[in-house]
Every structure is written in C-alpha cells, then in structure tokens.
Amino acid sequence: MLLLTKSVLAMMIGFIFSICFAYLVIPILHKLKASQSLSIYLNEQHKEKTGTPTMGGIIFILPSLIIMLLLYLSHKITFSYNLGIVLITFLGYALIGFADDLLIILKHNNKGLSENQKLLFQIMIAILFFYLFMLANNEPLLWIHSLRIKWDIGWFYGLFILFVLVASSNAVNITDGLDGLAGGLSAIAFGTFGIITWATGWLEGYEAIAIFCFVLLGSILGFLIFNVKPAKVFMGDTGSLTLGATLGTIAILTRHELLLIVIGIVFVIETTTCLIQRFYYKLTHKRIFPMTPIHHTFEKLGWKEQDIVKLFWIIGLLGSMIAIIYGVWF
C-alpha cells in the first residue's frame with residue numbers, strides 16, 4: 001500500500017507541476033513564434049495546426065527534473081548511481097532534441113539537425129550510457145525472466161545497448177505525428193515501467209527510479225491536457241527523443257529490454273512500417289502503404305485523428321498489461 005501511495009503522490013506532483021509550467025511556457029513559445037512547418041503531404045485537417053508551437057517537451061522535462069531534485073533535498077528519495085545514469089541519459093537526449101527544435105525555429109523550416117548529426121549525437125550519449133553502465137560491473141547478460149535464462153552475449157551487448165537507446169528514441173520521435181499520440185503512449189509505457197521497477201528489488205536505487213517513472217507519468221499527463229486535439233503545443237524532438245531514450249534506459253537497467261518491444265508495441269509498428277516503406281520504395285519505386293508512419297495511412301483511409309489515437313492508445317495499453325503480467329507476476 002505504501003508503494004501505491006508513493007506512486008500516486010509522485011504522479012500527482014508531476015501532474016500539477018507540468019500544468020503550472022505549461023501556462024508559463026506556452027505563451028512564451030507563442031511570442032517566440034516557436035512553430036514548426038508542416039509537411040505539404042499531410043491531410044487537410046493538419047493545416048489547422050499551422051502556427052502551433054513546438055518544443056513543448058520542456059513542459060514535462062523540466063518539472064520532472066525539478067521534482068526529483070526537491071525530493072532528494074527533502075530526503076524523500078536517495079540518490080543512486082543507477083538513478084544518475086537515468087537522469088544523464090534523460091538530460092542528454094533532451095539537449096539533442098532541444099538543439100534540433102531550436103534550429104527549426106530559428107530557420108523557420110523543418111531543417112534542424114541533419115539525420116546524420118542527430119544519429120551521431122544519439123550514439124555519443126548511448127556510448128556514455130554504456131560506459132557508465134559497465135563501470136558499475138554490470139555483466140553483458142540478456143535476461144529472459146520467465147524462463148530464468150541469463151544469456152551472456154559478450155561484446156555484442158554493447159551494440160545491443162546502442163541499438164536499444166537509438167531505436168527507442170527514434171521510435172517515439174516517428175510516432176509523434178498526431179495530437180496526443182506519442183504522449184499518451186509514453187504515459188502508458190512509463191506507468192508500466194514504474195510498476196515493473198518496483199518489482200526489481202535487486203536493482204540499486206530501484207525505488208527512486210520507480211518514483212521517477214511516476215513523476216514523469218504525471219508530468220506527461222499534465223502536458224497531454226495541452227497536447228490532445230486540438231493541440232495547443234507539440235512536444236517536438238525535445239520531448240520525443242527524451243521519452244524514447246529514457247524508456248530504453250530503464251528497460252536496460254531493469255533487464256527488460258525484450259519486454260520493451262511489448263510495452264512499446266505501437267512504437268515498434270510505427271517504425272517498422274517506415275522501414276518497410278523506405279526499403280520497398282528503393283527496390284521497386286512503389287509504396288506498400290499510402291503514407292507512413294502507419295497512423296497517416298489511417299488518415300488517408302478517412303479515419304478521424306481522435307479515433308486513430310484512441311485505437312493506438314488501446315493497443316499500447318493492452319501491450320502494457322501483458323508486459324506487467326509477464327514482468328511482475330511471472
């Protein structure tokens with residue numbers, strides 16, 4: 001019961017802080033004309049979003065960091081090495097996304113950091129994570145919890161970690177195309193990992209990491225008030241890269257990397273359709289899907305944006321419920 005109380009309290013504080021912060025930040029973003037140009041290939045219904053400010057990820061990033069600092073200073077949580085790894089990755093990817101959004105705003109187009117530049121910075125933070133992770137004498141093991149299997153994959157584990165962090169950050173970034181879609185799915189995912197982390201008593205600092213998950217969950221929920229249709233702000237790369245990389249980080253630390261596929265099933269589907277479309281087009285100069293990521297295909301078929309978001313939220317929730325059963329019960 002105490003764990004539930006701590007989780008709810010952390011979520012509530014994050015929710016309140018982010019709402020208050022949003023009322024301060026959104027007007028500033030409007031004054032700075034921090035909007036993002038929309039693709040000409042999108043449906044007519046997206047034209048109404050022109051002028052909506054981006055870089056809204058700071059609405060849940062800064063409150064989450066401030067709350068964790070306040071909890072530490074008030075001795076409500078204990079700082080641990082693993083929590084430090086989470087926060088470094090969280091902040092590192094936030095800075096990459098912030099730089100990309102800032103360039104988009106300054107140039108008044110969608111050309112921020114190039115794909116290669118973003119990938120390079122993402123890999124650099126991922127390498128730093130791997131160094132810090134292995135410095136704590138973590139073994140290069142791939143765990144299959146239900147079968148009690150610990151598979152030593154040696155040096156390949158370093159590449160695996162790089163893939164998890166870069167893939168998860170980009171997967172959320174790709175999914176962030178409809179009002180509330182990536183934010184809602186991320187809220188579900190962090191709630192799930194919060195529950196799973198509570199069950200990893202062997203992990204140093206697991207309580208503080210679980211509380212961080214629920215603080216971030218609450219902060220994202222506060223952000224969603226301003227991000228669901230009609231969105232008053234977009235999270236931008238500042239938010240999407242940060243959320244994806246942090247999900248990957250917590251999955252690695254709790255040794256549930258494979259479970260991340262189930263928890264983030266919608267992110268996986270969105271990214272996979274993009275990859276299939278790109279490779280198929282290069283080979284045949286034809287398209288399998290009318291438009292990718294797949295949520296835009298549903299739009300092309302005449303679905304309303306809200307209905308697509310609801311469907312994908314439900315799929316994400318089902319995946320997360322399966323993951324909780326597997327990750328906590330089994």
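Just so it is clear, none of the values below were taken in a lab; they were calculated from the coordinates. This structure is a prediction, so every number in the text was calculated from the model and none was measured. Quick reminder, even Gly has a Cβ in these numbers, built from the backbone with ideal geometry, and neighbours come from all protein chains shown.
Using a Förster radius of 41 Å, what is the FRET efficiency between Q117 and I28 based on their Cβ-Cβ separation? Nearest 0.05, please. Taking R0 as 41 Å, the efficiency between Q117 and I28 is 0.95. Estimated at 0.36 nm per residue, the fully extended path between L283 and I16 surpasses their Cα-Cα distance by 91.1 nm.
Database remark: amide H of K232 closer than 5 angstrom to the amide H of N227 (H placed geometrically; neighbours at sequence offset of 5 or more, or on other chains; Pro and chain starts carry no H). When only alpha carbons are used to place a centre, the range 212-235 and the range 255-300 end up 24 Å from one another. Distance cut-off 21 Å, Cα to Cα: go down the list K229/K300; K6/K232; K232/K304; K31/K107 and report the pairs above it. K6/K232, as the Cα separations exceed 21 Å there. Amide H contacts under 5 Å for S35: T54, restricted to partners 5 or more places along the chain or on a different chain, H placed in the peptide plane at 1.01 Å from N. In terms of other Cβ atoms within 10 Å, D179, D307, D237 run from fewest to most in the order D307, D179, D237.
Rounded to 0.05, the FRET efficiency of the H75 and W202 pair, given R0 = 22 Å and the Cβ-Cβ distance, is 0.40.
Per-residue Karplus couplings for the range 133-141, computed as 6.51 cos²θ - 1.76 cosθ + 1.60 with θ equal to phi - 60°, are listed in order as 5, 6, 5, 8, 6, 6, 8, x, 10 Hz, Gly and Pro entered as x. Panel order for S74, S320, by other beta carbons found within 10 Å of each beta carbon, from fewest to most: S74, S320.
Along the range 183-194 the Karplus relation, 6.51 cos²θ - 1.76 cosθ + 1.60 evaluated at θ = phi - 60°, assigns HN-Hα couplings of x, x, 5, 5, 4, 4, 5, 6, x, 5, 5, x Hz to successive residues, with x for each Gly and Pro. Backbone phi angles across the range 236-252, fed through the Karplus curve with coefficients 6.51, -1.76 and 1.60 (θ = phi - 60°), yield HN-Hα couplings of x, 5, 3, x, 5, 5, 5, 5, x, 5, 5, 4, x, 4, 5, 4, 5 Hz in residue order; Gly and Pro are listed as x. Round to the nearest 10 and give me the degree value, 0 to 90, for the angle of helix 156-175's Cα axis relative to the longest principal axis of the chain. Approximately 40 degrees, to the nearest 10. Taking other C-beta atoms within 10 Å as the exposure proxy, E305, E270, E257 rank E257, E305, E270 from fewest upward. Our estimate of slack between I149 and V328, defined as 0.36 nm per intervening residue step minus the Cα-Cα distance, is 62.8 nm.
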